[in-house]
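One structure below.
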Number of protein chains: 2
Amino acid sequence: MSIKKIFDEKIKVNTEVNIYGWVKNKRNSKMGFSFIDVYDGSCVKSLQVIVDSSVKNYFKELLFLTTGCSILVHGILVYSKGTKQKYEVQANKIKVIGWIKNSNKYPISSKKHTLEYLREVSHLRPRTNIFGVIIRIRNCFAHYLRNFLYLNDFAWVPTPIITELNAEGAGNMFYVSTLNSVNSSYYKKNVTDNTKNFFGKKTFLTVSGQLTLETYACAVSKVYTFGPTFRAESSNTTRHLSEFWMCEIEQAFSSLEDIILLAQNILKYTVKKVLDSCFLDIEFLEKNIDNTIIKRLSNFIENKFIEIEYDEAIRILKKFNNHFKEPVIWGMDISTEHERFFLEIYFLQPIIIKNYPKELKAFYMRLNKDEKTVAAMDILVPKMGEIIGGSQREERLKQLDQRLLECQLNIKDYWWYRDIRKYGTVPHSGFGLGFERFLCYITGLNNVKDMIPFPRTVNNSNF
Amino acid sequence: MSIKKIFDEKIKVNTEVNIYGWVKNKRNSKMGFSFIDVYDGSCVKSLQVIVDSSVKNYFKELLFLTTGCSILVHGILVYSKGTKQKYEVQANKIKVIGWIKNSNKYPISSKKHTLEYLREVSHLRPRTNIFGVIIRIRNCFAHYLRNFLYLNDFAWVPTPIITELNAEGAGNMFYVSTLNSVNSSYYKKNVTDNTKNFFGKKTFLTVSGQLTLETYACAVSKVYTFGPTFRAESSNTTRHLSEFWMCEIEQAFSSLEDIILLAQNILKYTVKKVLDSCFLDIEFLEKNIDNTIIKRLSNFIENKFIEIEYDEAIRILKKFNNHFKEPVIWGMDISTEHERFFLEIYFLQPIIIKNYPKELKAFYMRLNKDEKTVAAMDILVPKMGEIIGGSQREERLKQLDQRLLECQLNIKDYWWYRDIRKYGTVPHSGFGLGFERFLCYITGLNNVKDMIPFPRTVNNSNF
């Protein structure tokens, strides 16, 4: 029986309950009884258990319980006489399951710990309130994201993790190999010894499932992939992970405008579901992390995102030229300082920037009629910046080949991607959502390293 | 508007419809009209479209449509006069979106292709009926698997893909590295040059998320991980992939018997949901692949699995000693030929074998009172063999350390895993479900390579 069930009012008062959990806190009263707060991770609230000295092992064991000990409580659920909680349990038996030796050395004692410290004990941090909150919100967000997609007939397509191809034609990738012994030639380019490797070729960890996902979009119309994605970037920031989760959605017979609408619908739907379903967790965050969270997420759901052309973005930035390090010119990328200007000074809400110069974007994005820009879009949210990047894909073989050429990519490597254009090509579009970044935005926390249980970053593959 | 909506009776007859899709087949009648079967991947059925020569581009374009061309059909939904289908569309306009040049060279023309051939064109095989069926069943199965877990308060914990640890203390793993240039020393053991690698250490692709998952089970009680898993095994069989998906479930305050029950409940729930939700796809499989599928899956849902001790399994096998290559003795592993004997000759239904000799199993499984066996269980199904492996975990530090020693593993590497036993340890148990294997069982197909869009096996990382 989970503690959540009690707070969800699914257990009747005055019934017997058995609660398995861990001690959050304990206070001994001089009157011969103790208050034990018990948690089991099913919800952020602890359950208050009252046990008195008539219980057999009270003096021998229960008086010595400390934070983190695991116990089984037999008792009666009653209305609490205190004002802090609605329910409590009058224990008639408590079995100690697991002790903590040297409780003063317990790495996550009941005192307050910094998030930085807790990252060093990632195997224990889920026992804290805040990391319980994060994993439950993460779970709820993922559930409703997939649920939206299922209900709207998108099929989950698990795109490969090990790949021969670099989706963007750039970016730092991890190599995958089975060559343990000295075999230096494997890592040289253009040597034949790759044949000794497991796949007989040079292989990498995927940076995006998009290209293979497109083959399914152009067959079953509506698809998504949701899996781990890898970037061997050595920048150690609050927004980068070497291993992160990305949800990529792709739909056939679809334009840039279609996915701009779809992306907004998905984000608003999931945020609303998180607000409704994780109310206790959100309340905890409101009290302890970000006292604007409910207002901020409600605004997110209710207001239409600002949508501007890249051209317009540049025009606005030019007016504030002296705010920025470099002079603003058409053709430049929208950098972090520009994003922050839009999000924190100018618009103060989520924005969508679309139709970027082709030179800034990948080969697969559809060339617009002006032949200077491509049908790309990015969605940016305050504090985190870009959380979604998407585009209409170039479905015309001639234009695609031209772009591959311009991007100095080898057309032969893309034979199967080109086949999709050769055989019954259709307009199609899609986008990728950076899961941990958006989760940061939802929770109001600042660092993606706290959004994934065991973060991988440069020089850190612990646990 | 998807074709599925029409067959789901969500569109009224005599209304105007716009259908985007691809030509499955086309027949021209001498009477001046054509039948075009159109599919869009939303369901296994094609929609019959009738178009006559009064339509403007009939002679110039529509007569030349071939399998795989993409089109937009404007027309009226009507009851079909034919007996093969309930509905059809009378087209008044058809726009050709994408042609197929040299249609006689289209790799997946309307003739029948073998599954082996289709693997070579994995980027186009989702356009066939059978691979549409597979991806939709896979999607439905995954959806209800996650749904069961969500509704039962299991939280999704994305365990890391890149890891320093080999979960089983054995097995062939892939290395992950950023060292592109000649750096032979990296791949030698015990050299300091690993510091030049991205993580400053030797890192691998995960073979199981279980150990890290346990840290969350011992904090929030009920958790699962569902992600790609890697084995660098060079055996090229119908049951092995180098990259496959595994759902691992872990629960605190839980015994071997608890997860045996949980595993059966999950399997039966998901199979029932697939039978109900994917009825058209199952019907297709019944007609084309396995005419026992409905009966087989119904039996799977209704009958309790046979549950036997390892001891008993050995006793039974001994009676049939001369069936097998090697003499049957207590302590030997249950091999494929024994599995097949149980599944195809002796029991003829799913079985659970439990309490194996400790020497056969991993260090983390809980030692039974006999001190010879561990609280492990495997679930086997006809044709595929093992689909689930699970155990109660050793929660007692002393016994765990003893097993680490016996398995010649380095205790220091497991410092964080041991912490979980040091601090408020609890009995807990869990299991892993091989997703593609079980999907094989559900669909009645024989090869896991057809259960994942782009299979990775030795010497194959195509697409």
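The values are calculated or read from the model by the stated rules, or taken from the named source; none is laboratory data. Remember, it's a predicted structure, so these values are computed and weren't measured experimentally. Here the Cβ is made from the backbone with ideal geometry for all residues, glycine too, and neighbour counts use every protein chain on show. All accessible areas refer to the heavy atoms of the entire protein, side chains included, with ligands and DNA or RNA removed. Shrake-Rupley method; radii C 1.70, N 1.55, O 1.52, S 1.80 Å.
Note on the stretch A:28-42: among residues that are out of contact with any strand residue (DSSP E or B) (no Cβ under 6 Å at 6 or more places or on another chain) and within 14 Å of chain B (Cβ to nearest Cβ), the one that is surrounded by the fewest Cβ atoms within 10 Å (Cβ to Cβ) is A:Ser42.
Residues of the stretch B:285-327 that are within 26 Å of the chain's Cα centre (by Cα) and of a type in the set (Asp, Glu): B:Glu286, B:Asp290, B:Glu302, B:Glu307.
Scanning the stretch A:234-252 for residues that are among the charged types (D, E, K, R) and in a loop (DSSP other than H, G, I, E, B) yields one hit, A:Arg239. Just one of the listed residues (A:Lys45, A:Lys105, A:Lys95, A:Lys84) is open to solvent by 40 Å² or more (accessible area, probe 1.4 Å), in the same structural domain as A:Asp8 (by TED's automatic domain parsing), within 23 Å of B:Tyr150 (Cα to Cα) and over 20 Å from the mean Cα position of the chain (by Cα), namely A:Lys45.
The set of residues in the stretch A:224-247 that are more than 8 Å from chain B (Cβ to nearest Cβ) and not polar (S, T, N, Q) comprises A:Tyr224, A:Phe226, A:Arg231, A:Glu233, A:Arg239, A:His240, A:Leu241, A:Phe244, A:Met246, A:Cys247. Of the residues making up the stretch B:204-233, those that are more than 21 Å from B:Asn147 (Cα to Cα), among the hydroxyl-bearing types (Ser, Thr, Tyr) and part of a strand (DSSP E or B) number 1. Among the residues of the stretch A:296-353, the one identified as among the polar types (S, T, N, Q), in contact with a strand residue (DSSP E or B) (Cβ under 9 Å, 6 or more places away or on another chain) and over 19 Å from A:Ala376 (Cα atoms) is A:Gln349. Only residues that are facing chain B (nearest Cβ under 9 Å), assigned to a helix (DSSP H, G or I), closer than 15 Å to A:Pro455 by Cβ and free of Cβ contacts under 8 Å to residues at least 60 places away in the same chain were counted in the stretch A:102-152, giving 1.
I'd like the full set of residues that are under 26 Å from A:Leu124 (Cα atoms) and open to solvent by 40 Å² or more (accessible area, probe 1.4 Å), limited to the stretch A:3-27. Scanning the stretch A:3-27 gives A:Lys4, A:Lys5, A:Asn18, A:Tyr20, A:Asn25, A:Lys26, A:Arg27. Checking every residue in the stretch A:55-70 against the condition of being part of a strand (DSSP E or B) and not polar (S, T, N, Q) gives zero matches. Among the residues examined, A:Leu367 qualifies as closer than 30 Å to A:Lys304 by Cβ, of a type in the set (A, V, I, L, M, F, W, C), away from every other protein chain (no Cβ under 14 Å) and over 30 Å from the mean Cα position of the chain (by Cα).
Within the stretch B:224-266, the set of residues being over 30 Å from B:Val458 (Cα atoms) and among the hydrophobic types (A, V, I, L, M, F, W, C) comprises B:Ala252, B:Phe253, B:Leu256, B:Ile259, B:Ile260, B:Leu261, B:Leu262, B:Ala263, B:Ile266.
Can you say whether A:Thr203 is at negative phi, at pLDDT below 95 and open to solvent by 20 Å² or more (accessible area, probe 1.4 Å), as far as the supplied structure shows? Judged against the criteria, A:Thr203 is not a match. Output yes when any residue across the stretch B:268-275 is more than 30 Å from B:Leu47 (Cβ to Cβ), open to solvent by 30 Å² or more (accessible area, probe 1.4 Å) and in the same structural domain as B:Lys369 (by TED's automatic domain parsing), and no when none is. Checked the stretch B:268-275: at least one residue is more than 30 Å from B:Leu47 (Cβ to Cβ), open to solvent by 30 Å² or more (accessible area, probe 1.4 Å) and in the same structural domain as B:Lys369 (by TED's automatic domain parsing). For the stretch A:206-223, the set of residues classified as hydrophobic (A, V, I, L, M, F, W, C), more than 7 Å from chain B (Cβ to nearest Cβ) and either open to solvent by 20 Å² or more (accessible area, probe 1.4 Å) or touching a helix residue (DSSP H, G or I) at 6+ places or on another chain (Cβ under 8 Å) (or both) consists of A:Leu211, A:Cys218, A:Val223, listed by residue number. Would you check which residues across the stretch B:329-345 are more than 23 Å from the chain's Cα centre (by Cα) and either surrounded by fewer than 18 Cβ atoms within 10 Å (Cβ to Cβ) or of a type in the set (D, E, K, R) (or both) and list them? Selection gives B:Ile329, B:Trp330, B:Gly331, B:Met332, B:Asp333, B:Glu337, B:Ile345. With the condition kept exactly as written, say whether any residue in the stretch B:295-311 is modelled with pLDDT of 95 or more, in contact with a Pro (Cβ under 6 Å, 6 or more places away or on another chain), closer than 26 Å to B:Cys440 by Cα and open to solvent by less than 30 Å² (accessible area, probe 1.4 Å). Yes, because at least one residue in the stretch B:295-311 is modelled with pLDDT of 95 or more, in contact with a Pro (Cβ under 6 Å, 6 or more places away or on another chain), closer than 26 Å to B:Cys440 by Cα and open to solvent by less than 30 Å² (accessible area, probe 1.4 Å).
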